[in-house]
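What follows is a short report on a single structure.
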Amino acid sequence: MEDSNIYIRKEDFHESRKFIKINRDIDVCLVLIEKLLSFNRVIWKDVTNALKIPSHIIDYRVEQFGYFENTLQSIFYNCYSLKNFYDVSTYMNYKGINNTLGHTFNNQRRYITFNAIVKMSSIFEFTRKEYERTIKGKNYFEKMALKHSDLARSVELLNHFRNTIHSNGIWDKEGKKKPLEYNLREGKQIIKSGEPFKYDHWQLYRIIKDSIELHKVLALNNEAMRLRKSRLSVNGQQLSILKTDLNF
């Protein structure tokens, strides 16, 4: 992209072929996030109708989809902010933080993508552990796939991506795991120990979509917790409710 020593007006830059292509890619990502939001709302409605939980009871089998929506919305905000990276880059240079437009865009895009992987993987893990208490020990995702659905493979892959980010984008720095295998549009990826992982936004869309669908399966296949929180409170203390409809 443009050299930092060459000034280009905002209007000229936004009319350039380079920005038009970048803006088109951003729009694709925004559409994918919109599709995930719509899909999540459909699943949320299906689970709510199937479980028929009173509105005053906090049941994570239903509540989780609200958390997914909030997280996806925050990713949408971040993604849309990429359209304004000219302003960000200009302001940074004004403050004495030297950078180019390309450097600003690539860093911001990488941060948003990695942040999305971490946030979605973490929220899936949090909600799942709030009510799926029967799967324990090693080989967690394999057990989940056997018990509930092979969609668990997508949650596992998202988890691997998250853990790889913690290692500066490198898969299995210590060489203790087998190669990471998965598919992108250009074909099968085999990432060996010490190698950086690869992804594309369509694949992230698919594995997040699979993960939401899996959480529908988990919600419908798990009993309500015996002691559940409620939205009611007395003297500032939140009330809990004991589930008494026993089925023998």
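The values are calculated or read from the model by the stated rules, or taken from the named source; none is laboratory data. The shown structure was predicted, so the numbers you read here are calculated from the model rather than taken from an experiment. All Cβ positions, even for glycine, are placed from backbone atoms using ideal geometry, and neighbour counts span all protein chains on display. All accessible areas refer to the heavy atoms of the entire protein, side chains included, with ligands and DNA or RNA removed. Shrake-Rupley method; radii C 1.70, N 1.55, O 1.52, S 1.80 Å.
Suppose we keep only residues that are among the hydroxyl-bearing types (Ser, Thr, Tyr) and more than 23 Å from ILE112 (Cα to Cα) within segment 8-52. Which one would you say is most open to solvent (accessible area, probe 1.4 Å)? Working first, answer last.
Narrowing segment 8-52 to residues among the hydroxyl-bearing types (Ser, Thr, Tyr): 16, 38, 48.
If we keep only those that are more than 23 Å from ILE112 (Cα to Cα) as well, we get 16, 48.
Values: SER16: 25, THR48: 56 Å².
Only one residue fits best here, namely THR48.
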Being over 24 Å from LEU232 (Cβ atoms) and either acidic (Asp, Glu) or in contact with a His (Cβ under 9 Å, 6 or more places away or on another chain) (or both), is that true of even one residue in segment 51-61? no
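A quick yes/no check of all residues on (1) open to solvent by 20 Å² or more (accessible area, probe 1.4 Å); (2) closer than 27 Å to GLU34 by Cα; (3) outside the structural domain of LYS209 (by the TED database); (4) of a type in the set (A, V, I, L, M, F, W, C):
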position: PRO54; (1), (2), (3), (4): yes, no, yes, no
position: SER81; (1), (2), (3), (4): yes, yes, yes, no
position: VAL88; (1), (2), (3), (4): yes, yes, yes, yes
position: ARG133; (1), (2), (3), (4): yes, no, yes, no
Got a sec? Which of LYS178, LYS198, LYS173, LYS138 is within 26 Å of LEU32 (Cα to Cα) and in a loop (DSSP other than H, G, I, E, B)? LYS198
In segment 215-231, how many residues are farther than 15 Å from ILE53 by Cα and among the aliphatic types (A, V, I, L, M)? 2
In segment 141-171, residue most open to solvent (accessible area, probe 1.4 Å) [restricted to those that are without any contact (Cβ under 8 Å) to a residue 60 or more places away in the chain and of a type in the set (S, T, N, Q)]: ASN168
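I want to confirm something. Restricting to segment 97-130 and keeping residues that are polar (S, T, N, Q) and assigned to a loop (DSSP other than H, G, I, E, B), which single residue is farthest from the chain's Cα centre (by Cα)? Lay out the reasoning, then the answer.
Residues of segment 97-130 that are polar (S, T, N, Q), as a first pass: 98-100, 104, 106-108, 113, 115, 121-122, 127.
From what's left, assigned to a loop (DSSP other than H, G, I, E, B): 98-100.
Numbers: ASN98: 31, ASN99: 29, THR100: 29 Å.
In this case the residue turns out to be ASN98.
Out of all the residues in segment 205-225, which are farther than 11 Å from LEU36 by Cα and surrounded by 14 or more Cβ atoms within 10 Å (Cβ to Cβ)? Break it down stepwise before answering.
Here is the first cut: in segment 205-225, the ones farther than 11 Å from LEU36 by Cα are 214-225.
Once the filter is applied, which keeps residues that are farther than 11 Å from LEU36 by Cα and surrounded by 14 or more Cβ atoms within 10 Å (Cβ to Cβ), segment 205-225 yields LEU214, HIS215, LYS216, VAL217, LEU218, ALA219, ASN222, ALA224, MET225.
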Inside segment 1-95, counting only helices (runs of 4 or more DSSP H) that do not spill past its ends, which hold 3 or more residues that are under 30 Å from PHE124 (Cβ atoms) and of a type in the set (D, E, K, R)? 17-51, 60-81
What's the number of the only condition in (1) more than 19 Å from the chain's Cα centre (by Cα); (2) in the same structural domain as ASN78 (by the TED database) that LYS177 fails to meet? (2)
